[in-house]
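Read through the structure below, which is laid out as structure tokens, and then see the notes.
The values are calculated or read from the model by the stated rules, or taken from the named source; none is laboratory data. Computed from a predicted structure; not experimentally measured. We place every Cβ from the backbone using ideal geometry, glycine too, and count neighbours over all the protein chains shown. SASA here: full protein model, heavy atoms, side chains in, ligands and nucleic acids out. Shrake-Rupley method; radii C 1.70, N 1.55, O 1.52, S 1.80 Å.
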Amino acid sequence: MKFNIVALSFILVLIPLFISYKNKIGIEKELFINSLRALLQLSVLGFILGFLFKIKNPLWYIPIVLFMLIYASFIAKKRTKFLFLWAFYSISMSAVIILSIMIILKIISLKPYEFIPVAGMIIGNSLNTYTLTIERLKRELFLQKELIERFFAIGANLKSAYKIMQKEAIKAALIPVNNMLQTIGVVAIPGITTGMLLAGASPLKAVSYQIVIIYMLVSINTFSALFGSYFFIREKNENFN
């Protein structure tokens, strides 16, 4: 670990801390604590990955990925105030589908330095999209009470009204990935490409890996939004009936 680079880069945190203090914005304490927390978490991650990358038996991936899924589901429950079980199902099903496809197509191998980071990236993005979807559905249910009443008035079932809200929620949850697809390579050089270039990889090789990651994110976000909205609507239907 290059401690001198890390120490010098903390200047980039001190600047916004000073701005917040000077302008009485009031976020300097939160920024400072979270910056130190990020430093600690990433340092620990570096040591853990050094150990994990020595794993020879892929069966050891099961408890590692399971821990990631459980923790992500806990965070999802905390953010959305929705059931842990549905978060776990949505994130797990999405992750298993995408990881299986990538392994079957030999896009990634079962080598720890490929499988574990990709699994973490998939689960992290699945968590984000799941929470966006549930939050949008909750908002739609609050704002569209009149729409639901109209559906009842014309003799339609609740499922039809929910279907419309589900489509809107999925569209909203996929806005970030759509924005990324439109701007990547033009407005911003994404993280994977930047990291590989800094490591000395050729630009075309770096871009090839980035394209794989982007397409993976499109798929994982779609599955997460789909499963999340399905389980949310199913739960609401059961509670209503």
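If you go through segment 68-83 one residue at a time, do you hit one that is without any contact (Cβ under 8 Å) to a residue 24 or more places away in the chain and of a type in the set (A, V, I, L, M, F, W, C)? Within segment 68-83 (the criterion being without any contact (Cβ under 8 Å) to a residue 24 or more places away in the chain and of a type in the set (A, V, I, L, M, F, W, C)), the answer is yes, since at least one residue qualifies. Scanning segment 106-141 for residues that are open to solvent by less than 20 Å² (accessible area, probe 1.4 Å) and among the polar types (S, T, N, Q) turns up Ser126, Thr129, Thr131, Thr133.
The residue that is nearest to Leu217 (Cα to Cα), counting only those in segment 71-105 that are open to solvent by 30 Å² or more (accessible area, probe 1.4 Å) and in a loop (DSSP other than H, G, I, E, B), is Leu105. Any residue in segment 2-12 that is touching a residue at least 12 places away in the same chain (Cβ under 8 Å), in a helix (DSSP H, G or I) and over 25 Å from Val65 (Cα atoms)? Yes, segment 2-12 has at least one match.
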